[in-house]
Amino acid sequence: MSLTTMVKNAGKFFGIRIGRTVPSFGNKLATYEIEKEAYTLQDGQIFFKKFNISLAGEKALPMLEGYEHAVTLADRKGAIFSTANDGSLQIAIDNALFNINDEEELFILCKVFVEGAYNLLLPHNRKTALIDIGMNVGVTSIFYAAQPQVEKVFSFEPFTPTFNIALPPLALPRRFSGQVQPNNFGLAASDKQLQVPFSLKQKGRMGLKGIPEKSSVVKNDVALQPISLKEVKTQF
């Protein structure tokens, strides 16, 4: 491991972004290690040539921080990139459309759609129902809802901010809203109401114990989040 990589990893561990101090906006993009030929700057927006889209300000951060993931999705899954009405990033994969809020979501899309991290051997001779515990932003639920042999996906996400992010993709296209049944609570041995430390920036890593020990999240990004757990046998 190079010294530069070690310093960057240390920065992530303590919640510090390591970058070069440079005077112009264009040079600041070098912090993200994206080749200069890959983008142009115009009127405060960044035009990403490979994806034929322009993003401005904070709306560009997911692409800047997760550029390699975006390239992988485009090259290996034929993902189509566009901008939503509010100027944020959208990605269409197969027949699903995802609103991208941060780099982590690009990472999850790669894990599910490209790497097959959650692939299961599904029976071909009968319909199947799946249970997605820890739905996060709905990527895995949508991935399985698109499989022809999957009739229903029961999804559970106890963190309300994360659950709310998952709802729009489930409605686009509308057929997912019927195949995926999202529930804004978790499953447990008994009913519980908890207050758990939560960070929206690392929503994919949240659990009942809150922030993972080896997390780069800073304290300002953490707040207590009320969650509900329901007894599993009452749900099935």
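Residue-by-condition table, conditions (1) open to solvent by 40 Å² or more (accessible area, probe 1.4 Å); (2) assigned to a strand (DSSP E or B); (3) of a type in the set (Gly, Ala, Ser); (4) over 22 Å from residue 91 (Cα atoms):
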residue: 124; (1), (2), (3), (4): yes, no, no, yes
residue: 137; (1), (2), (3), (4): no, no, no, no
residue: 143; (1), (2), (3), (4): no, no, no, no
residue: 154; (1), (2), (3), (4): yes, yes, no, yes
residue: 167; (1), (2), (3), (4): yes, no, no, no
residue: 176; (1), (2), (3), (4): no, no, no, no
residue: 182; (1), (2), (3), (4): yes, yes, no, no
residue: 194; (1), (2), (3), (4): yes, yes, no, yes
residue: 203; (1), (2), (3), (4): no, no, no, no
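Scanning segment 174-183 finds one or more residues that are in contact (Cβ under 8 Å) with a residue 24 or more places away in the chain and closer than 23 Å to residue 74 by Cβ.
The values are calculated or read from the model by the stated rules, or taken from the named source; none is laboratory data. Everything numeric here is computed off the predicted structure, so don't read it as measured data. When we count neighbours, we look across all protein chains shown, and the Cβ atoms used for this are built from the backbone with ideal geometry, even at glycine. When the accessible area is computed, the model is the full protein with side chains, heavy atoms only, and any ligands, DNA or RNA have been set aside. Shrake-Rupley method; radii C 1.70, N 1.55, O 1.52, S 1.80 Å.
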